[in-house]
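The values are calculated or read from the model by the stated rules, or taken from the named source; none is laboratory data. Not measured: the values here are computed from a predicted model. Ideal geometry is used to build each Cβ from the backbone, glycine not excepted, and the neighbour counts take in all protein chains shown.
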Amino acid sequence: MNGDIKRYIYIIGTICVVFFAVSILFRILPWLLLVGVISYIITKIVRFIKGKSEERDSSKFENSKDDQYNYNITCDDYTNGEVIDVEYEDIDNKKD
(Lines give C-alpha, C1' and ligand atoms only; values in the text may rest on other atoms or scores of the structure.)
Protein backbone atom coordinates (compact mmCIF):
# COMPACT_ATOMS: atom_id res chain seq x y z
CA MET A 1 0.00 0.00 0.00
CA ASN A 2 2.84 2.39 0.82
CA GLY A 3 4.41 1.79 -2.61
CA ASP A 4 1.11 2.53 -4.38
CA ILE A 5 0.68 5.88 -2.64
CA LYS A 6 4.26 6.84 -3.43
CA ARG A 7 3.75 5.93 -7.09
CA TYR A 8 0.57 8.02 -7.32
CA ILE A 9 2.33 10.98 -5.72
CA TYR A 10 5.17 10.72 -8.28
CA ILE A 11 2.68 10.50 -11.15
CA ILE A 12 0.68 13.51 -9.91
CA GLY A 13 3.90 15.47 -9.26
CA THR A 14 5.22 14.69 -12.72
CA ILE A 15 1.95 15.77 -14.33
CA CYS A 16 2.01 19.04 -12.36
CA VAL A 17 5.62 19.77 -13.33
CA VAL A 18 4.95 19.02 -17.03
CA PHE A 19 1.79 21.17 -16.98
CA PHE A 20 3.69 24.03 -15.33
CA ALA A 21 6.56 23.80 -17.86
CA VAL A 22 4.17 23.73 -20.83
CA SER A 23 2.19 26.70 -19.51
CA ILE A 24 5.39 28.73 -19.11
CA LEU A 25 6.50 27.70 -22.61
CA PHE A 26 3.19 28.86 -24.11
CA ARG A 27 3.50 32.20 -22.32
CA ILE A 28 7.08 32.76 -23.50
CA LEU A 29 6.72 31.35 -27.04
CA PRO A 30 4.96 34.38 -28.61
CA TRP A 31 7.63 36.70 -27.24
CA LEU A 32 10.41 34.44 -28.53
CA LEU A 33 8.79 34.36 -31.97
CA LEU A 34 8.44 38.15 -31.96
CA VAL A 35 12.10 38.61 -31.00
CA GLY A 36 13.15 36.14 -33.70
CA VAL A 37 11.16 37.91 -36.42
CA ILE A 38 12.46 41.33 -35.39
CA SER A 39 16.08 40.13 -35.34
CA TYR A 40 15.60 38.50 -38.76
CA ILE A 41 14.24 41.74 -40.22
CA ILE A 42 17.06 43.79 -38.69
CA THR A 43 19.65 41.36 -40.07
CA LYS A 44 18.17 41.58 -43.58
CA ILE A 45 18.11 45.40 -43.44
CA VAL A 46 21.73 45.59 -42.27
CA ARG A 47 22.88 43.20 -45.03
CA PHE A 48 20.96 45.25 -47.62
CA ILE A 49 22.57 48.50 -46.42
CA LYS A 50 26.06 46.92 -46.38
CA GLY A 51 25.51 45.56 -49.89
CA LYS A 52 24.49 48.97 -51.19
CA SER A 53 27.48 50.55 -49.44
CA GLU A 54 29.90 48.03 -50.96
CA GLU A 55 28.30 48.51 -54.37
CA ARG A 56 28.76 52.27 -54.09
CA ASP A 57 32.37 51.81 -52.96
CA SER A 58 33.11 49.49 -55.87
CA SER A 59 31.61 51.98 -58.33
CA LYS A 60 33.90 54.67 -56.89
CA PHE A 61 36.82 52.29 -57.39
CA GLU A 62 35.88 51.63 -61.01
CA ASN A 63 35.26 55.29 -61.82
CA SER A 64 38.45 56.53 -60.20
CA LYS A 65 40.98 58.18 -62.53
CA ASP A 66 43.70 58.21 -59.89
CA ASP A 67 46.60 55.83 -60.63
CA GLN A 68 46.90 54.62 -57.06
CA TYR A 69 43.48 52.96 -57.32
CA ASN A 70 43.91 51.47 -60.79
CA TYR A 71 45.86 48.25 -60.86
CA ASN A 72 46.91 46.29 -63.90
CA ILE A 73 46.68 42.62 -63.07
CA THR A 74 48.07 40.06 -65.46
CA CYS A 75 47.69 36.32 -65.34
CA ASP A 76 51.26 35.88 -64.04
CA ASP A 77 50.71 38.03 -60.96
CA TYR A 78 49.06 35.29 -58.92
CA THR A 79 52.32 33.89 -57.52
CA ASN A 80 54.32 35.32 -54.66
CA GLY A 81 57.55 33.42 -55.22
CA GLU A 82 59.96 32.60 -57.97
CA VAL A 83 58.58 30.86 -61.06
CA ILE A 84 60.59 27.80 -62.05
CA ASP A 85 60.67 26.91 -65.74
CA VAL A 86 60.68 23.15 -66.27
CA GLU A 87 61.85 21.55 -69.52
CA TYR A 88 59.50 18.96 -70.96
CA GLU A 89 60.85 15.97 -72.77
CA ASP A 90 58.66 13.41 -74.53
CA ILE A 91 59.99 9.95 -73.62
CA ASP A 92 57.77 8.07 -76.04
CA ASN A 93 59.54 9.54 -79.06
CA LYS A 94 63.00 9.43 -77.51
CA LYS A 95 65.49 7.31 -79.46
CA ASP A 96 68.50 5.68 -77.89
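Being modelled with pLDDT under 90, in a helix (DSSP H, G or I), out of contact with any Phe, Trp or Tyr (no Cβ under 9 Å at 6 or more places or on another chain) and of a type outside the set (A, V, I, L, M) holds for only one residue in 39, 58, and it is 58. If you go through the range 1-22 and keep only what is surrounded by fewer than 10 Cβ atoms within 10 Å (Cβ to Cβ) and polar (S, T, N, Q), you end up with just 2.
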